[in-house]
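Visitor: Quick one: the structure is below, and I'll ask about it shortly.
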Amino acid sequence: MAKWSDIDPQTLHPESLMMTYGFRPEWSEGAAAPPIFQTSTFVFPSARAGARCFEIAYGLDEAKPDEQPDLIYSRLNNPSLEIAEDRLALWDRADTAALFSSGMAAITTTLFAHLRPGDVVAASSPVYGGTHHFIETVLPQYDIGFVRFDHRTTAEQIIGLVGATGKRLGMIYVETPANPTNELIDLQMCAAVAAHFSTTGHKVPLAVDNTFLGPVFQHPLEHGADIVVYSATKYIGGHGDLIAGAALGAHTMIDPIRAMRTFVGNMTNPFTAWLLTRSMTTLQMRMERQAANAQRVADFLRDHPRVKSVNYLGHLAPGDPRHDLFKRQCLGAGGMISFEIVGGKEAAYRFLDALHLFKLAVSLGSVDSLAEHPATMTHCEAGEEVNAAKGVTPGLVRLSIGVEHPDDLVADVARALETA
């Protein structure tokens with residue numbers, strides 16, 4: 001019988017490789033599933049081998065093409081971590097991936113690894129509240145400025161905004177679809193802007209937060225992105241029982257991030273990495289069910305008299321420029337919906353308090369459906385004026401659709417709307 005190691009990964013889809021890739025049963029007493037490598041340190045076969053490991057780990061020398069250095073310490077490398085990273089990279093067709101203790105750890109480490117004092121970062125808006133705070137409040141303390149742009153901003157306008165700062169563009173950072181409005185940013189346009197500012201000595205990276213649609217329904221690397229970041233807590237973990245983050249891309253982009261991670265010490269732990277490996281076996285099925293359920297709920301909301309508007313990618317009509325971008329850049333509409341309820345904040349609160357099946361909680365992408373009020377919860381950091389300008393109004397409610405029966409989800413929303 002042929003072994004899994006005889007199979008060329010290029011001939012299989014990611015959902016097939018999630019059962020085997022990056023692990024051999026003979027490494028662990030014939031275990032069919034990878035065990036948890038719950039250890040802080042690893043034993044070297046010899047002093048010379050240990051020294052060689054540190055030469056490579058600390059960048060004093062590069063590994064030879066066929067060289068596999070021994071493990072050192074779980075802050076630097078761990079089999080549970082590496083198996084999860086290898087499998088996650090398959091979904092986005094990335095060269096490599098680095099896992100972190102949270103989504104914000106992945107985002108902040110990525111920004112610190114590629115930005116320098118005196119730089120400016122061009123960031124899309126709206127973005128998750130934690131990202132907004134870090135870019136607009138923390139980075140300026142390190143002499144790193146920012147400019148904002150949104151889905152309506154052209155390439156020429158972004159170039160003008162950056163040029164007006166007089167600073168070097170260090171990175172373009174995009175969250176698409178935007179949280180919580182589902183607005184799309186054109187990645188090919190952003191890649192062109194990054195190329196415009198790149199020089200022989202400095203390539204401007206385009207980093208994309210792909211949490212809302214990825215890694216099943218959008219692959220930013222195929223549209224010009226250099227780095228993809230995730231809150232792996234969300235769809236990748238998918239069960240509401242872990243916190244993790246990830247950064248993916250080519251080695252030239254991820255190696256500096258991984259090096260920063262080594263010294264900051266914010267990698268994920270072996271048990272969380274093992275949970276992520278487990279979760280990725282059902283990732284495709286979960287996300288497809290969530291997307292199908294979201295279609296049912298969004299269609300119901302669109303026709304309800306107490307709903308002003310619905311932000312759902314599956315409702316973009318042919319002829320709408322956003323529809324053309326959606327068809328070019330995305331593979332599905334995903335499981336996220338936001339909608340504005342008639343009656344503003346108080347009506348939104350009444351709706352949220354009346355839900356039974358949906359849980360009133362932040363986060364998203366879990367198997368259970370969640371609902372929250374962005375303006376006063378996840379996006380309160382930006383402030384009322386900035387939020388309102390980006391469509392995060394007092395009446396906006398965000399729904400993360402789970403895998404429950406769609407009839408029950410619609411019934412719960414209908415009952416809560418009557419209360420609102």
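A short reminder: the numbers here are calculations on the coordinates, not readings from a lab. These numbers come from a predicted model, not from an experiment. For neighbour counting, all protein chains shown are included, and Cβ atoms are generated from backbone atoms with ideal geometry for every residue, glycine included.
Visitor: Using a 10 Å cut-off around each Cβ, can you sort I243, I254 from fewest to most neighbouring Cβ atoms? Spell out each step's value before the answer.
Guide: On the way: I243 17, I254 26.
Neighbour counts put them in this order, fewest first: I243, I254.
Visitor: Once fully extended, how much extra length lies between H133 and E381, figured as 0.36 nm per residue of separation less the alpha-carbon to alpha-carbon distance?
Guide: Length gained between H133 and E381: 88.6 nm.
Visitor: A follow-up question, please. Considering the dipole of the chain built from charges on the beta carbon (Lys and Arg +1, Asp and Glu -1) around the Cα centre, which of G249, H315, H196 is farthest to its positive end?
Guide: The residue sitting most towards the positive pole is H196.
Visitor: For D299 and H323 in the same chain, what is the full-extension length gain: residue separation times 0.36 nm, less their Cα-Cα distance, in nm?
Guide: Values: separation 24, 0.36 × 24 = 8.64 nm, distance 1.69 nm.
Value of the extension gain: 7.0 nm.
Visitor: Considering only C-alpha atoms, what is the centroid distance from the stretch 253-322 to the stretch 380-409, in Å?
Guide: Their Cα centres are 14 Å away from one another.
Visitor: Only Cα pairs within less than 10 Å get springs; with that Gaussian network setup on the chain, which residue of Q329, Q141, Q218 has the largest fluctuation?
Guide: Taking springs between Cα atoms under 10 Å, the residue moving most is Q141.
Visitor: With the chain treated as a Gaussian network of Cα nodes joined by springs under 10 Å, which of D61, D299, D255 yields the largest mean-square fluctuation?
Guide: So, out of D61, D299, D255, the one fluctuating most is D61.
Visitor: May I ask you to derive the FRET efficiency for Q10 and F263 from their Cβ-Cβ distance with R0 = 45 Å, giving the value to the nearest 0.05? Don't skip to the answer; put the middle values down first.
Guide: Numbers: r = 35 Å, r/R0 = 0.77.
My answer for the efficiency is 0.85.
Visitor: So, counting K/R as plus one and D/E as minus one, what does the shell of residues with Cβ under 12 Å around H315 add up to? Present the calculation step by step, with values, prior to reporting the outcome.
Guide: Values: positive: R302, R322; negative: D299, D303, D320.
Local charge sum for H315: -1.
Visitor: Have a look at F134, L184, I83 and report the one farthest towards the positive end of the charge dipole of the stretch 79-280, computed about the Cα centre with Cβ charges (Lys/Arg +1, Asp/Glu -1).
Guide: F134
Visitor: Using a simple charge model, +1 on the beta-carbon of Lys and Arg, -1 on the beta-carbon of Asp and Glu, nothing else, what dipole does the chain show about its Cα centre, in debye to the nearest 20? Present the calculation step by step, with values, prior to reporting the outcome.
Guide: On the way: 33 positive and 47 negative charges, 70 e Å.
For this selection, approximately 340 debye.
Visitor: Still on this structure, I have one more. With both bridge residues required to lie in the chain, what share of the DSSP beta bridges run antiparallel, to the nearest 5%? Walk me through the numbers on the way to the answer.
Guide: Working: 25 of 44 bridges.
Looking only at bridges with both residues in the chain, the antiparallel portion is about 55 percent.
Visitor: Given a Förster distance of 60 angstrom, what is the FRET efficiency for D150 paired with D70, based on the Cβ-Cβ distance and rounded to 0.05? Write out the running numbers ahead of the final one.
Guide: Working: r = 49 Å, r/R0 = 0.81.
Computed FRET efficiency for D150 and D70 comes out at 0.80.
Visitor: Let me ask you something else. For the stretch 272-413, give the magnitude of the charge dipole about the Cα centre (Cβ charges: +1 Lys/Arg, -1 Asp/Glu; no others), in debye to the nearest 20.
Guide: Numbers: 15 positive and 17 negative charges, 69 e Å.
Using Cβ point charges on Lys, Arg, Asp and Glu, the stretch 272-413 gives about 340 debye.
Visitor: Amide H to amide H, which residues 5 or more places from G240 or on other chains are under 5 Å from it, using H placed in the peptide plane?
Guide: For G240, whose amide H was placed from the backbone, the distant partners under 5 Å are V367.
Visitor: Taking GluC sites (Glu not before Pro) as exposed when DSSP calls them loop (any state but H, G, I, E, B) and at most 13 other Cβ atoms lie within 10 Å, what is the longest stretch of the chain free of them, the sites themselves excluded?
Guide: Details: sites that count: E29, E62, E67.
Here the longest run is 68-420.
Visitor: Starting from the Cα of H196, step 7 Å toward the Cβ, then list every residue of the stretch 164-189 with an amide N under 17 Å from that point.
Guide: So the set is 164-174, 185-189.
Visitor: Sticking with this one: Please report the orientation-averaged projected area of the stretch 92-238, defined via the convex hull of its C-alpha atoms, in nm².
Guide: Numbers: hull surface 33.3 nm².
Spelled out: convex hull of the Cα atoms, projected over all directions, averaged, 8.3 nm².
Visitor: Another question, if that's okay. Using θ = phi - 60° and the Karplus form 6.51 cos²θ - 1.76 cosθ + 1.60, what ³J(HN,Hα) does each residue of the stretch 212-225 get, whole Hz, x for Gly and Pro?
Guide: Karplus-based 3J(HN,Hα) across the stretch 212-225 equals 5, 10, x, x, 8, 9, 7, 10, x, 4, 7, 10, x, 6 Hz.
Visitor: Here are some pairs, K203/K390; K234/K345; K308/K345; which of them have Cα atoms lying more than 24 Å apart in this structure? The partial results should precede the final answer.
Guide: Values: K203/K390 30 Å; K234/K345 26 Å; K308/K345 13 Å.
From K203/K390; K234/K345; K308/K345, over 24 Å: K203/K390; K234/K345.
Visitor: A follow-up question, please. Evaluate the distance, in nm, between pseudo-label points positioned 7 Å from the Cα of D255 and of K359 along their respective Cα→Cβ axes.
Guide: That separation, rounded to one decimal, is 4.1 nm.
Visitor: If I take R0 = 60 Å and measure r between the Cβ atoms of F44 and T282 in this structure, what FRET efficiency does the formula 1/(1 + (r/R0)^6) give, to the nearest 0.05? Write down the numbers at each step before the final one.
Guide: On the way: r = 37 Å, r/R0 = 0.62.
Here the calculated transfer efficiency is 0.95.
Visitor: Something else: How large is the dipole of the stretch 79-280 about the Cα centre if only Lys and Arg carry +1 and Asp and Glu carry -1, each at its Cβ, rounded to the nearest 20 debye?
Guide: On the way: 12 positive and 18 negative charges, 47 e Å.
So the magnitude is around 220 debye.
Visitor: While we're on this one: What net charge do the residues around N210 carry, taking every other residue with its C-beta under 13 Å from that of N210, with Lys and Arg at +1 and Asp and Glu at -1?
Guide: Working: positive: R93, K234; negative: D92, E175, D209, E222, D226.
After counting each charged neighbour, the total is -3.
Visitor: Right, something else. If I take all pairs of Cα atoms in the stretch 283-419, what percentage of them are more than 25 Å from each other?
Guide: Working: 2242 of 9316 pairs.
So the portion of pairs separated by more than 25 Å is 24 percent.
Visitor: Quick check on the exposure proxy: order R48, R24 from fewest to most C-beta atoms within 10 angstrom. All intermediate terms of the calculation are to be shown ahead of the outcome.
Guide: Numbers: R48 9, R24 13.
Ranking R48, R24 by Cβ neighbours within 10 Å, fewest first, gives R48, R24.
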